[in-house]
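Down below is the structure, laid out as structure tokens.
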Amino acid sequence: MNTKLLASIAVFVLLAAVVSISMTDSAFADEKKKSEMMAKKDTKKTEMKEKKDAKKTAVKEKKETKKTEMKEKKDAKKTAVKEKKETKKAEMKEKKAATGSAASEVSVEMAKGTASKQDCADQCYMPSTVNVSVGGKVTWKNVDSAAHTATATDSSFDTSLVNAGASASNTFNTAGTYPYMCILHPWMKGTINVQ
Ligand SMILES: [Cu+2]
């Protein structure tokens, strides 16, 4: 009786152990499979995300490259305009310096047709205003077919009659502004600045 019971218990325990081991194994396998699947899923997800990110980055980079190019192009244009402006400014300054500075010898033409051209204005004497240094000489060359004079309004100088094709000069020793005209054709007016 005792032996039978013991045997029964032993068999039961053995059976229970076998079933338990089997169930544990099965559960373990399931768990493993599940875990593997999840890992696979995660890997795929990561890959997709990386791919998406790479695409995003590429688009962003392309956009930035284009932006940089546009900016560079714009800057280049700006620089070109600025340079052109500065060149022009320098040229103007040079021109101004050339005409503005007083020379020791200046030549003025009594222009063609001024004997009858009453509206010759600042083109009767060419140029109509000149700058000469103190002690400098102004020479009037008559390129017209009529005779003219260069006569100071204040009578400080007078070339008297300068015939067609002839020239006359005056030396200026005192600084000042000297307006002058032609006594034959009073619409002919000029100015000598002695500096
Ligand atoms: Cu004249």
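Are there strands (runs of 3 or more DSSP E) fully within the range 118-195 with at least 2 residues that are surrounded by 17 or more Cβ atoms within 10 Å (Cβ to Cβ) and within 14 Å of the ligand (Cβ to nearest atom)? List them.
Strands (runs of 3 or more DSSP E) meeting the threshold: 129-142, 176-181, 189-194.
Residues that are under 30 Å from the mean Cα position of the chain (by Cα) and open to solvent by less than 100 Å² (accessible area, probe 1.4 Å): does the range 52-60 have at least one?
no
Considering each of K55, K40, K89 in turn, give the residue that is within 30 Å of V130 (Cα to Cα) and without any contact (Cβ under 8 Å) to a residue 60 or more places away in the chain.
K89
Can you confirm whether S107 is away from the ligand (no atom under 11 Å from the Cβ) and open to solvent by 10 Å² or more (accessible area, probe 1.4 Å)?
When the stated conditions are applied, S107 passes them.
The values are calculated or read from the model by the stated rules, or taken from the named source; none is laboratory data. Treat the numbers as computed from the prediction; the structure is a model and nothing was measured. Every residue, glycine as well, gets a Cβ built from its backbone with ideal geometry; the counts of neighbours run over all protein chains shown. Just the protein is used for accessible areas: all its heavy atoms, side chains included, with ligands, DNA and RNA removed. Shrake-Rupley method; radii C 1.70, N 1.55, O 1.52, S 1.80 Å.
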